[in-house]
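Just below is one structure, and these are the notes that go with it.
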Amino acid sequence: MRIGDAAGKAGLTPRALRYYEEQGLVAARRTPSGHRVYGPDEVRRLRTVRELLEAGLTVSDLRTLAPLLDAMPGRDAPGLLRDGGPGPQRAVEHVARRRLDDLDARIERLVQLRERLAAQLGAPARAPGRVAPYEGTLRE
């Protein structure tokens, strides 16, 4: 199938599909005229890529997993992330846990920045577990 059909079946745009191909996450066969052609295996792989990205992994994370993507069972990303079984699932879980640690660190840095800025503006501190929106006015 051509790029538009494959992208549609995978829930992507053709532009996203081309990008994932550039990043080494999927490979297309080419017709003699140079058109990309995708089969069911590539569409399944693209769905896996999309689901893992939607779950919070990055393209960089997936590049490290690229050799394993075809060995992953055809199911939703949460199942892949929770499985922790042998082989590819364990590798995915490891990468996902590393990404989660990175997100937690980023959130903590952002909370600290927000609290410093709020203090400079005289805005209220955040409630535990919640970032209070700034309700003042900005002066230019």
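Of all residues in the stretch 3-34, those satisfying the criterion of being among the basic types (K, R) and either in contact with a Ser or Thr (Cβ under 9 Å, 6 or more places away or on another chain) or exposed (fewer than 13 other Cβ atoms within 10 Å of the Cβ) (or both) are R15, R29, R30. The residue that is farthest from V49 (Cα to Cα), counting only those in the stretch 23-39 that are of a type outside the set (A, V, I, L, M, F, W, C) and assigned to a strand (DSSP E or B), is R30. If only residues of the stretch 54-79 that are in a loop (DSSP other than H, G, I, E, B) and farther than 16 Å from L103 by Cβ are counted, the one that is modelled with the highest pLDDT is M72. Give me a count of the residues in the stretch 37-73 that are open to solvent by less than 50 Å² (accessible area, probe 1.4 Å) and either aliphatic (A, V, I, L, M) or closer than 13 Å to A27 by Cα (or both). Selection size over the stretch 37-73: 17. Scanning the stretch 97-132 for residues that are at pLDDT below 75 and either open to solvent by 90 Å² or more (accessible area, probe 1.4 Å) or part of a helix (DSSP H, G or I) (or both) gives P128, R130. Pairing residues of the stretch 13-28 that are without any contact (Cβ under 8 Å) to a residue 60 or more places away in the chain and farther than 18 Å from L57 by Cα with residues that are among the aromatic types (F, W, Y) and assigned to a loop (DSSP other than H, G, I, E, B), at Cβ distances under 7 Å and at least 6 apart in sequence or on separate chains, gives A28/Y38. Scan the stretch 86-96 for residues that are touching a helix residue (DSSP H, G or I) at 6+ places or on another chain (Cβ under 9 Å) and either over 21 Å from D41 (Cα atoms) or modelled with pLDDT of 85 or more (or both) and the total you get is 4.
The values are calculated or read from the model by the stated rules, or taken from the named source; none is laboratory data. Being a predicted model, the structure only gives us computed values, none of them experimental. FYI the Cβ positions are ideal-geometry reconstructions off the backbone, even for glycines, and counts take in every protein chain you see. Calculation scope for accessible area: heavy atoms of the full protein, side chains included, ligands and nucleic acids excluded. Shrake-Rupley method; radii C 1.70, N 1.55, O 1.52, S 1.80 Å.
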